[in-house]
Amino acid sequence: VCSQCGGTDIEIDPSRGDAVCIQCGNVLEENTIVNEVTFAQDSGGGSSVVGQFVSATPGVRSAGLGFGRESREVAYTNGQRHISQLAAALRLADHHQEAAQRLFNLAVQHNFIQGRKTQHVIAACLYTVCRREKTAHLLIDYSDVLQTNVYMLGSCFLKFTRLLSLTLPIIDPSLYIHRFASKLEFGDKTHLVSMSALRLVQRMKRDWIQTGRRPSGICGAALLIAARVHGFRRTQREVVRVVRICDVTLRKRLNEFGETALGSLTAQQLETIDLSTYGDFADPPSFAKNRLLEAQRRRGLQAPAQEAARQAREAELRSLKVAQLRERLLEGGHAAEGSKPELLNRLLDLAEAEAEREAQEALAAAPRGGEEGTMLPPPPRPSAEGDDLEADVQQALRSEVFIRLERTDQSNGRGDGSGDATGCQTPGAGAEQQSGRGRGGVGGTSPRHPSTGEQREGGE
């Protein structure tokens, strides 16, 4: 019915897609969408399609029917075909294909396929869907099907997730346990081995072994331990071939598991006790490794000074006789029976314990930053030359004769001299100059020994 005159005589032209009223000439419809395709003959005798094709896919402009389709439409069609082929090779469901197709459409709209292979983009879309749905598929599975480098697929996948700001869940190694266990041919005990491996994976997660590690290494270590628990002699090479990792990675996971509280248990204990509550949870492997390296570094810095002090104590004790050794032991309230080597070892142990206690007390009494007092001197650095000479001089300076002479000179008030009346240098002064050079190598100079005291001792 015409809206102007109310007439019912309407002429409809399907080729043009319009409707016109015969009585008043009012155009009722124009450019309508029709389902049938109409062809028209041009002046040259050729046929052409009348009208335009309107796509149901958003973002695609209308194009004439025939061979001249737009590039985006071709990309959509090729992407859908490749997604179906790749999903069929990986045995993915239909809803996985539909979700991947929607992600591929977003990639086309953001021009992500420009300069990249379509197969790489499709693999990234399908792997994103698998990560969301938590299926038992790894990126290396796509690499095997497409015969492409897995690192190129990983790079494309990371760029795609950053482009769309996608937040994907962390991979759980438990998803791949049953898949790998079925390939290791455990027979009727496949389910038992898988359950034991799942318990081990959960405990590895609490011991910080799983954090930041690829799931294949965790699954390989758990399956190897579970196989040994149930009596299957699976070698590391067989496990490596199934889980697709390096043998060094598998050994590292096994060593990290051996450092935990469960590493000391037997196969029967691993199967019977509750692994989730046994023992204390371990620190992260990287944290424990760094603490161990720091402790070794500290011991390496302290080792030269401690070794020099120990050698000096040992030399002093070896110079004593058996009666003197027993007298020292009796003064400290210790047993004095045995031969000289036994007495010497006993005194050395006591001296080392005393030195360690004094070092701890000195460290506790050391002034902190901002407090008054003097800092402890740094440990002496070993010199490359003159170690024996320096040790002899240090031992001479610590002798009772030197201390007694120094006290005598201080009481007499004598001046500090460096030679006798004839101008010749005395032996004591020469020794002290050597001592000054030797001690200067460790950051200080020693006081000069009074020559008068050395002359008096020589005269006596």
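Within the set of other residues whose C-beta is less than 12 Å from the C-beta of residue 285, count the net charge using Lys and Arg as +1 and Asp and Glu as -1. Please report the intermediate quantities before stating the final value.
Details: positive: 213, 252, 253, 289, 291; negative: 207, 256, 259, 283.
Cβ neighbours under 12 Å give a net charge of +1.
Restricting things to Cα coordinates, could you compute the convex hull volume per residue of region 160-242 in Å³? Each step should come with its number before you reach the end.
Details: hull volume 8.7 nm³, N = 83.
Spelled out: Cα convex hull of region 160-242, divided by residues, is 105 Å³.
Just the number, please: carbon plus sulfur as a percent of the accessible area of region 272-357, 1.4 Å probe, no ligands or DNA/RNA counted. Before the final figure, lay out the partial values.
Values: 3230 of 6100 Å².
Of the solvent-accessible surface of region 272-357, carbon and sulfur hold 53 percent.
Decide, for region 73-164, between rounded, prolate and oblate: order the square roots of the alpha carbon gyration tensor eigenvalues as a ≥ b ≥ c, take rounded if a/c falls under 1.5, and otherwise choose prolate if a/b is larger than b/c, else oblate.
Values: a/c = 1.36, a/b = 1.14, b/c = 1.19.
Cα axes put region 73-164 in the rounded bin.
Which net charge results when you count Lys and Arg as +1 and Asp and Glu as -1 among the other residues whose beta-carbon is under 14 Å from that of residue 321?
Working: positive: 318, 326, 328, 340; negative: 316, 327.
In short, +2.
Hey, could you get me the Stokes-Einstein D for region 275-368, Kirkwood radius over alpha-carbon pairs, 20 °C and 1.002 mPa s, rounded to whole µm² s⁻¹? Write down the numbers at each step before the final one.
On the way: Rh = 16.7 Å.
This corresponds to a translational diffusion coefficient of 128 µm²/s.
Go through 134/289; 134/205; 189/289; 117/252; 159/183; 117/183 and tell me which ones have a Cα-Cα distance over 28 Å in this structure.
Listed pairs above 28 Å: 134/289; 189/289; 117/252; 159/183; 117/183.
Might you report the magnitude of the Cβ-based charge dipole of region 174-288 about its Cα centre, with Lys and Arg at +1 and Asp and Glu at -1, to the nearest 20 debye? Numbers along the way, then the final one.
On the way: 18 positive and 11 negative charges, 109 e Å.
Approximately 520 debye in magnitude.
In whole Å, how far is the Cα centre of region 290-361 from that of region 148-213?
Between the Cα centre of region 290-361 and that of region 148-213, the gap is 54 Å.
For residue 321, list the lysines whose Cα falls under 22 Å from its own Cα; do not include residues on the same chain fewer than 8 positions away.
340
Just to confirm a number: summing +1 for Lys and Arg and -1 for Asp and Glu over residues other than residue 259 whose beta-carbon lies under 15 angstrom from that of residue 259, what do you get?
Numbers: positive: 203, 206, 213, 251, 252, 253, 289, 291; negative: 207, 256, 280, 283.
Combined, the nearby Lys, Arg, Asp and Glu give +4.
What is the dipole size for region 101-152, taken about its Cα centre, with +1 at each Lys and Arg Cβ and -1 at each Asp and Glu Cβ, in debye to the nearest 20? Could the numbers behind the result be given before it?
On the way: 6 positive and 3 negative charges, 40 e Å.
Around 200 debye, computed over region 101-152.
Identify, among 275, 222, 175, the residue whose Cα sits farthest towards the positive end of the charge dipole of region 174-288, taking +1 on the Cβ of Lys and Arg and -1 on the Cβ of Asp and Glu, with the dipole about the Cα centre.
175
The values are calculated or read from the model by the stated rules, or taken from the named source; none is laboratory data. Just so it is clear, the structure is predicted and the values come from calculations on it, not from any experiment. All Cβ positions, glycine included, derive from the backbone under ideal geometry; neighbour counts span all protein chains shown. Areas reflect the complete protein model, heavy atoms only, side chains present, ligands, DNA and RNA absent. Shrake-Rupley method; radii C 1.70, N 1.55, O 1.52, S 1.80 Å.
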